[in-house]
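Notes for the one structure printed next.
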Amino acid sequence: MVKKKKRAAKKPARKAKKKAGKKKGGPAKVYLSLGSNVGDREEYIEQAIFLLEKNPEVQVIKRSANYETEPEGGAEQPPFINAAVAVITKLPPEKLLDVCQEIETALGRDREMEWGPRTIDIDILLYDDQIISEDKLQVPHPLMHERMFVLKPLKEIAPGAVHPVLEKSVEDLYEERKAEVGEKYDDELPGFKEIKGGSYDDYERW
């Protein structure tokens, strides 16, 4: 009688390890520059910030005071009000640019004249530590380190933020540029609604 071979006990199947999927990127910290030199300049700045905050994908976490600056670029036009804001967003840079341009359009931005007067101008200065070079968008903003009207408000809210190309802090860039051209700014304008502690709760919206 032929003995049946005992079947080897099946080893318990190894549980396949789940491959760690690529984690969705967390929110980015972004710095924006705002400027206006048409009509009620302060109101345009405030409306732009309000519309940014109204977008569910954007959270305004800090803003600078308003600064009055002389126009640059050669065209004769009124002085600007400039400010800077810090936002948290999960929007990719290109989508955030679209949001900024939609706000500019909603507030009557005229793009016919380069460097001309404008109701509102919103530029992406820094997007985390990303370096982006495309036809439509360049980050860091290619001229931010040369513009005192950008650096002074930005220094107020983010002195330690680092320019990922120049590898210098905003404060260092400001001091270097200040030494080259000197200051051209008035004191903080009266009536500025300051947001205490970097929060947005005290901001009076309309």
Handout entry: Per-residue HN-Hα couplings for the stretch 63-70 [Karplus 6.51, -1.76, 1.60; θ = phi - 60°; Hz; x = Gly/Pro]
Key = 8, 8, 5, 8, 10, 8, 9, 6
Handout entry: More than 17 angstrom apart: percent of Cα pairs within the stretch 51-95
Key = 52 percent
Exercise for the section: Compute the label zone of Val165 within the stretch 119-142: residues whose backbone N is under 13 Å from the point 7 Å along Cα-to-Cβ. Expected result: 125-127, 130-135, 137-142
Fill in the blank from the handout: Assertion target for Phe50, Phe149, ordered by fewest C-beta neighbours within 10 angstrom first, is Phe50, Phe149
Exercise for the section: Using amide H atoms built 1.01 Å from N in the peptide plane, name the residues 5+ places from Val38, or on other chains, whose amide H lies under 5 Å from its own. Expected result: Arg118
Fill in the blank from the handout: In whole angstrom, the spacing between the Cα centers of the stretch 120-169 and the stretch 24-71 equals 14 Å
Practice task
Read phi for every residue in the stretch 154-167 and hand back ³J(HN,Hα) as whole Hz from Karplus 6.51 cos²θ - 1.76 cosθ + 1.60, θ = phi - 60°, with x for Gly and Pro.
Solution key: 5, 4, 5, 9, 8, x, x, 4, 10, 6, x, 8, 7, 6
Handout entry: Kirkwood hydrodynamic radius of the stretch 74-174, Cα pairs, Å
Key = 14.7 Å
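Throughout, read-outs are computed from the coordinates displayed, never taken from laboratory work. All values reported here derive from a predicted model rather than from experimental measurement. Quick reminder, even Gly has a Cβ in these numbers, built from the backbone with ideal geometry, and neighbours come from all protein chains shown.
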